[in-house]
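Beneath this line is the structure, given in structure tokens, with notes to follow.
A short reminder: the numbers here are calculations on the coordinates, not readings from a lab. Keep in mind that this is a model prediction, so the values were computed, not measured. Positions of Cβ are backbone-derived with ideal geometry, glycine not excepted, and every protein chain shown enters the neighbour counts.
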Amino acid sequence: MSKLAKTSLPPIAALLLVVAAWQACERMFDPPKYLLPSPLEVVSAILKDPGKLVRATWRTAIAAVAALAISIVAGTLTGLLFSQSALLRRSLYPYAIFLQTVPIIAVAPLIVLWLGYGTASIVTVAVIISLFPVITAATAGLTHLDPLLVDFFTLHHASRWQTLWKLRLPTAVPSIITGAKTSSGLAVIGAIVGEFFTGYGTNDYGLGFLIRVTADQSRTAELFAAVLASTALGVMIFAAVSSAGAVILNRWYDPAH
Amino acid sequence: MPRWTILTPVLMSLLGCWQSDPEPAPATAHDGTLRKVTLQLNWYPEAEHGGFYAALENGYYRDEGLDVTILRGGADVPVVQKVAAGQADFGIENADRILLMRAQEADVVAVLAPMQTSPRCLMVHEIANVASFADLKGVTIAMNAGEPFAQFLLKKSLPNDVQVVPYTGGVSHFLRDDKHAQQGYSFSEPFLAEEQGTDPKVLLVAEAGFNPYTSCLFTRDELADEEPSLVRKMVSASVKGWKDYLASPNATNAAIHNLNPEMSLDILAFGAEAMRPLCSPEGQESQPFGRMTAERWQNLAQQMIDTGVLEPKTVDPAKAFRAEFLPSDSPE
């Protein structure tokens with residue numbers, strides 16, 4: 001079996017099983033549409049106006065990717081800062097946890113009030129949701145060092161900068177990649193939550209808006225279609241981050257190279 | 001009122017709850033015990049539900065042999081789904097949503113329409129010098145664009161260059177910006193905006209021509225078919241409650257305030273006062289309370305089809321309501 005088939009066949013088989021079970025449920029219990037539309041109804045909702053779904057997905061993707069990029073950069077920088085001073089880390093890390101615990105549903109309307117309707121608010125909400133995993137992962141990676149290597153650097157009178165650049169950062173990359181993977185799904189959720197509260201304008205909308213509108217109109221099949229598109233977007237961004245991470249790790253961290 | 005919660009009943013149903021309909025019991029049990037009935041509200045207790053609370057407080061439900069439990073609603077409660085699936089006996093919902101849900105195979109039927117004129121409005125600043133929807137040029141409007149009333153306004157009444165943004169509750173944006181309009185209920189948001197020192201003006205959506213019956217009492221087809229006497233008792237006690245509430249709301253408002261302290265006695269009093277003309281509009285005072293006509297249901301369905309909210313031929317408006325349970329002799 002080729003490598004591609006080995007990795008892609010099991011999830012496809014699992015998906016087919018779930019869809020088959022879903023269709024079987026429809027057959028057996030025949031639930032009304034408002035409870036559960038059939039897979040067929042969802043597919044026809046997608047096919048009715050695929051352009052609309054694709055445009056909304058694209059809009060949300062841009063906001064999510066922007067937020068993820070900001071989170072990776074800002075999270076890594078915060079981690080670098082924290083790695084330079086234990087005092088700084090102890091004083092500020094508890095506040096970084098705020099990002100994780102803040103009830104975003106309550107804060108999002110305020111953000112819209114401060115930053116206005118539009119992309120800036122949506123990206124801000126998504127950053128708040130996706131930043132924390134990168135901060136934690138980067139801080140851990142930059143501070144948990146091999147003591148032997150630290151001694152080695154000290155013995156050779158390495159400067160703070162040299163230690164950071166040649167020891168801390170290379171050690172931290174794998175864990176930053178893990179943090180970024182966790183954040184990739186969160187960035188999509190954040191963008192959708194942001195879109196719930198702020199729009200891009202009258203004729204421009206993302207998946208969050210589509211989810212809200214179809215729910216407002218009780219169009220269950222179209223709601224499922226929008227939710228599926230959100231999920232697919234999350235998976236795609238996760239896959240992209242994973243592949244980029246795998247390339248980096250293979251190139252620089254695989255002992256075989 | 002946001003309703004993103006369609007998934008909740010799906011999950012409940014997947015867990016097998018939808019087969020758990022309680023066995024129908026007779027409307028008045030022979031041993032003199034009361035028949036237990038649940039009424040699911042569409043929001044937290046507020047003036048909009050005053051008549052039902054008055055019926056409860058004044059014992060009208062008990063007089064009919066009913067032990068009614070009123071369940072609070074909220075963003076997390078899918079009202080029509082719960083009633084359709086048998087998890088509640090009656091519910092409160094607006095006529096447009098009843099049509100939308102019937103199109104999704106939820107077999108529910110409206111049996112009483114306390115509010116004949118919809119309180120749905122856009123609230124604008126008096127200072128913005130707006131006389132009608134057509135004057136809202138260049139204004140930012142916060143409303144849920146998916147709601148049928150919003151689609152009606154966008155397609156029939158508003159100028160093309162309005163900027164529509166999602167409505168997220170409250171009145172903060174409105175307070176900040178003279179060029180901002182927002183959705184609301186005429187007896188609620190304008191009160192809050194005025195309290196905060198602005199001068200709001202109300203444009204009723206009903207005056208633009210879109211006027212769904214509001215806060216309808218509804219049940220599922222099955223219950224109306226199998227226990228018409230239960231439904232009749234529920235309707236007649238509710239009508240009594242509504243007449244009481246509109247005449248003297250204070251005691252009931254105190255009870256609502258107890259259940260939902262977020263609603264101050266002042267806003268409840270304002271609400272009851274503002275609802276009176278909505279419940280018995282000028283020129284209709286001699287009509288039976290809460291009546292519904294086939295013409296209005298038909299007209300509403302047609303408007304929703306015309307504005308693309310409802311697929312043609314998915315719902316028969318004549319089946320969405322039943323006027324037969326209303327007490328025959330109940331003019332104002």
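A few comments on the model shown:
- In this structure the amide hydrogen of B:Thr69, modeled in the peptide plane, comes within under 5 Å of the amide hydrogens of B:Val37, B:Thr38, B:Leu39, none closer than 5 places in sequence on its chain.
- Cross-link partners of B:Lys313 among lysines, defined as those whose alpha carbon lies under 18 angstrom from its own and excluding same-chain residues fewer than eight positions apart: A:Lys33, A:Lys48.
- Once the Cβ-Cβ distance of A:Ala232 and B:Ala251 is raised to the sixth power relative to R0 = 45 Å, the FRET efficiency obtained is 0.25.
- For region B:58-125, trypsin sites (Lys or Arg not before Pro) are listed when DSSP marks them as loop and at most 16 other Cβ atoms sit within 10 Å of their Cβ; the list is B:Arg72.
- Taken one residue at a time, the phi angles of region B:33-49 give Karplus couplings (6.51, -1.76, 1.60, θ = phi - 60°) of 6, 7, 7, 6, 9, 10, 10, 9, 6, 9, 7, 4, x, 8, 4, 3, 9 Hz. Gly and Pro are set to x.
- Using the Cβ of B:Met143 as centre and a radius below 12 Å, the other residues enclosed give a net charge of -1, where K and R count +1 and D and E count -1.
- Region A:110-118 - phi-based ³J(HN,Hα) in whole Hz, Karplus 6.51/-1.76/1.60, Gly and Pro as x: 5, 4, 5, 5, 7, 9, x, 6, x
- Shape class of chain A from the Cα gyration tensor (axes a ≥ b ≥ c, square roots of the eigenvalues): oblate, since a/c reaches 1.5 or more and a/b does not exceed b/c.
- Farthest toward positive dipole pole in region B:120-208 [+1 Lys/Arg, -1 Asp/Glu at C-beta], among B:Ile141, B:Gly170, B:Ser157: B:Ser157
- Listed pairs B:Lys156/B:Lys179; B:Lys155/B:Lys319; B:Lys36/B:Lys82; B:Lys82/B:Lys319 exceeding 24 Å between Cα atoms: B:Lys155/B:Lys319
- Residues in region A:28-34 carry Karplus couplings, in order, of 6, 9, 6, x, x, 3, 5 Hz; the curve used is 6.51 cos²θ - 1.76 cosθ + 1.60 with θ = phi - 60°, and Gly or Pro positions show x.
- When the Cα positions of A:Tyr34, A:Ile104, A:Leu4 are compared along the charge dipole of chain A, A:Leu4 comes out farthest toward the positive end, with charges on each C-beta of Lys, Arg, Asp and Glu.
- Report summary: the helix-based calculation at 222 nm, which adds -39500 (n - 2.57) for every DSSP H run with n ≥ 4 and divides by the residues of chain B, gives -10000 deg cm²/dmol.
- Value of [θ]222 nm, deg cm²/dmol, for chain A, DSSP H segments ≥ 4, -39500 (n - 2.57) each, nearest 500: -27000 deg cm²/dmol
- Placing unit charges on the Cβ atoms of the charged side chains and taking the dipole of region A:62-252 about its Cα centre, the candidate lying farthest along the positive direction among A:Leu228, A:Gly199, A:Ala246 is A:Ala246.
- Amide H contacts under 5 Å for B:Gln287: B:Glu332, restricted to partners 5 or more places along the chain or on a different chain, H placed in the peptide plane at 1.01 Å from N.
- Amide H contacts of A:Gly118: A:Gly199, each under 5 Å away and 5 or more positions distant or on a separate chain (H built 1.01 Å from N in the peptide plane; Pro and chain starts excluded).
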